[in-house]
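For reference, the structure is listed below as structure tokens.
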2 protein chains.
Amino acid sequence: MHRPVLEFWYEFASTYSYLAAMRIEAAAEEAGVALLWRPFLLGPIFAAQGWTTSPFNLFPGKGRYMWRDMEREAARLGLPFYRPDPFPQNGLLAARIALLGGDHGWGPAFTRAVYTAEFGQGRDISDPVVLSELLTELGVDATSALEKAETDANKTRLRRIGEEAQSRGIFGAPTFFAEDSEMFWGNDRLERALEWVVSDRARRTDFVV
Amino acid sequence: MHRPVLEFWYEFASTYSYLAAMRIEAAAEEAGVALLWRPFLLGPIFAAQGWTTSPFNLFPGKGRYMWRDMEREAARLGLPFYRPDPFPQNGLLAARIALLGGDHGWGPAFTRAVYTAEFGQGRDISDPVVLSELLTELGVDATSALEKAETDANKTRLRRIGEEAQSRGIFGAPTFFAEDSEMFWGNDRLERALEWVVSDRARRTDFVV
């Protein structure tokens with residue numbers, strides 16, 4: 001029997017997506033859950049409710065708290081943490097490349113590399129040179145990957161994923177979906193999401209037996 | 001030596017404050033931490049950023065998710081959960097009474113009674129009759145308590161607390177403050193807040209030794 005699947009929706013500009021991305025593989029492995037890595041853009045979802053930047057910029061009190069909380073939570077997980085400048089970073093090209101990487105097996109590794117560059121080292125993840133370096137370090141042909149990432153077909157695909165995110169009720173990142181469409185939002189809900197996937201699958205298997 | 005203290009700031013309309021209020025005493029006891037129960041109103045803080053209702057009403061996608069998450073989290077804690085109608089409830093009078101109760105030892109029990117009436121039974125917590133019943137059940141003279149709660153002095157005191165909340169950077173509820181002013185937001189951060197208080201106290205005691 002196949003392992004139950006959890007969808008992991010993440011946005012490269014999102015601080016808490018960084019924490020989730022760096023720990024999700026080990027957590028899923030331990031729970032016996034397979035992952036579907038789903039890069040997407042929050043920008044259009046925020047824009048639809050009239051926001052032109054991150055809510056952490058729009059609401060400074062919440063923003064100040066988030067930066068402090070990220071410091072604490074990153075330290076807890078043993079992760080480096082650098083506050084990107086500017087924030088939010090433009091993750092469009094990185095998301096297009098990550099989408100492509102999903103087809104070729106290097107999506108998760110590329111995703112972690114981007115987050116580490118952004119939040120662990122303070123590098124500019126909108127810069128094709130930076131992204132090319134990350135790809136090269138992963139043994140991926142950077143020139144070819146960038147070319148394919150920028151094709152109309154790949155751009156359209158990312159746009160469709162954005163529409164899917166919106167229609168499924170995503171309002172922030174990271175967001176997790178169980179097989180029965182149960183939704184969990186935030187790095188703090190990763191464990192709950194994994195538990196749900198496992199117990200939901202067990203429930204359905206009971207019926208089959 | 002006195003036990004380290006955690007400040008627990010809560011708003012009666014707040015769903016996640018309900019979860020925190022119902023479990024904080026046991027959690028603090030286990031951690032060896034004393035609690036300062038601090039009822040306050042979020043309304044003026046929201047109003048200052050142009051919001052006239054709960055963000056869960058202003059941002060319907062987030063609101064829909066919150067109700068589902070509350071169902072799950074309440075079930076996890078073995079708590080009943082009823083979605084108040086209207087939401088948010090007006091917790092002004094309840095907060096004034098809770099403030100008074102803090103001086104007389106029945107603040108925490110009254111707080112739990114209000115949250116249970118609101119989120120466990122769907123009762124209207126702006127209704128003085130409901131609040132009187134809760135007070136009577138706690139053995140408190142309801143007529144006298146309501147009278148004292150509505151004095152100018154008590155009203156002013158609650159207003160000052162709102163100003164304190166704003167000046168200390170509170171933007172939501174529940175919020176916890178450690179003795180060194182470290183801030184933690186949300187029911188999900190209660191454990192972190194308790195750990196912080198305990199380890200901060202241990203750190204400072206080391207220096208004294």
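Quick notes on this one:
- Ratio of the Cα radius of gyration of the range A:4-105 to 2.2 N^0.38 Å, where N counts its residues: 1.16
- Mean residue ellipticity, 222 nm, helices only, chain A: the sum of -39500 (n - 2.57) across DSSP H runs of n ≥ 4, divided by residue count and rounded to 500, is -17500 deg cm²/dmol.
- Average partner coverage of A:67-75, which counts Cβ from other chains inside 10 Å: 2
- Taking a straight Cα-Cα cut-off under 29 Å and skipping sequence neighbours fewer than 8 places away in the same chain, the lysines within cross-link reach of A:K155 are B:K62.
- Rounded Å value of the spacing that divides the Cα centres of the range A:59-79 and the range A:126-173: 27
- Fraction of alpha-carbon pairs over 30 Å apart in the range B:5-208 - percent: 19
- Charged side chains reduced to their Cβ positions (Lys and Arg at +1, Asp and Glu at -1) give the range A:1-94 a dipole of some 240 debye around its Cα centre.
- By other beta-carbon atoms within 10 Å, ranking B:F176, A:F184 with the fewest at the front produces A:F184, B:F176.
- In this Cβ point-charge picture (+1 for Lys and Arg, -1 for Asp and Glu), chain A has a dipole of about 440 debye about its Cα centre.
- Per principal axis, descending, Cα span of the protein assembly as shown in whole Å: 78, 58, 42
- In this Cβ point-charge picture (+1 for Lys and Arg, -1 for Asp and Glu), the protein assembly as shown has a dipole of about 380 debye about its Cα centre.
- Highest-fluctuation residue, A:L194, A:L138, A:L158 considered, GNM on chain A with Cα pairs under 10 Å: A:L138
- Relative contact order of chain A, defined on C-alpha pairs under 8 angstrom at six or more residues apart (%): 30
- Counting Cβ atoms of other protein chains within 10 Å of each Cβ in B:169-179 and taking the mean gives 2.
Bear in mind these aren't lab numbers, they're just calculated from the coordinates by the rules spelled out. Source: prediction; values computed, not measured. All Cβ positions, glycine included, derive from the backbone under ideal geometry; neighbour counts span all protein chains shown.
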